[in-house]
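Report on one structure; see the data block that follows.
The values are calculated or read from the model by the stated rules, or taken from the named source; none is laboratory data. Since the model is a prediction, treat every value here as computed from it, not as a measurement. Cβ sites come from the backbone with ideal geometry, for glycine too, and all protein chains shown count toward neighbours. Keep in mind that these areas ignore ligands, DNA and RNA; they rest on the heavy atoms of the full protein, side chains included. Shrake-Rupley method; radii C 1.70, N 1.55, O 1.52, S 1.80 Å.
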Amino acid sequence: GLYEGAGDLTDQILAYHFNRISFYNDDNNALFIIRRWRTDLSEKLGDYPIITPEEAQDLLVAGHYITTVPEAMPGAEYIAKVELVYRTESAAEVFMPYYRFYVEIDRAEMGMVPLEGGLKTYGAYYVPAVAGEYIANMPLWDGSFN
């Protein structure tokens, strides 16, 4: 998807996560749908402190994460990248920031055929970025991607 990168850093972050445009092709690779996502952000719960990426990594390694990867997180040495994101799946009632960790996955251990040319597979593991003392009744994730 695309987003408008105008305004200050806050405006850019909000546009990147909540006001995107996505393009979809049909089976013949022709443009089929253009979808503009405009999330309602009219109700703000408040400002909350976030943890550092290092603190989030400690939580990840300790098993405190959500993911669609069918295997447990293999270890800190397999982390390739981390980024701060908002999960914006349509069923969410509250939007909050998460650290998204890209973790190298062993395809053979998951019963998958290795990729040709030495290509690697990565899974996304999410750790809430909001400090734990401010999170109550953490909802279960429905497994949809973002």
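Here are a few things to note about the model shown:
- Flag if Thr68 is farther than 22 Å from Ile51 by Cα and hydroxyl-bearing (Ser, Thr, Tyr): yes
- Residues of the range 35-71 satisfying the condition of being aliphatic (A, V, I, L, M) and surrounded by 10 or more Cβ atoms within 10 Å (Cβ to Cβ): Leu41, Ile50, Ile51, Ala56, Leu59, Leu60, Val61, Ala62, Ile66, Val69
- Selection over the range 20-67 of residues that are part of a strand (DSSP E or B), under 24 Å from Met96 (Cβ atoms) and of a type in the set (Val, Ile, Thr) gives a count of 4.
- Restricting the range 68-90 to residues that are assigned to a loop (DSSP other than H, G, I, E, B) and charged (D, E, K, R), the residue that is nearest to the chain's Cα centre (by Cα): Arg87
- Within the set Thr67, Thr121, the sole residue that is farther than 17 Å from Tyr134 by Cβ and touching a residue at least 40 places away in the same chain (Cβ under 8 Å) turns out to be Thr67.
- Subset of the range 91-131 that is at pLDDT 85 or above and among the small types (Gly, Ala, Ser) - its residue that is surrounded by the fewest Cβ atoms within 10 Å (Cβ to Cβ): Ala131
- Residues located in the range 7-34, provided they are open to solvent by 80 Å² or more (accessible area, probe 1.4 Å) and modelled with pLDDT under 85: Leu9, Thr10, Tyr16
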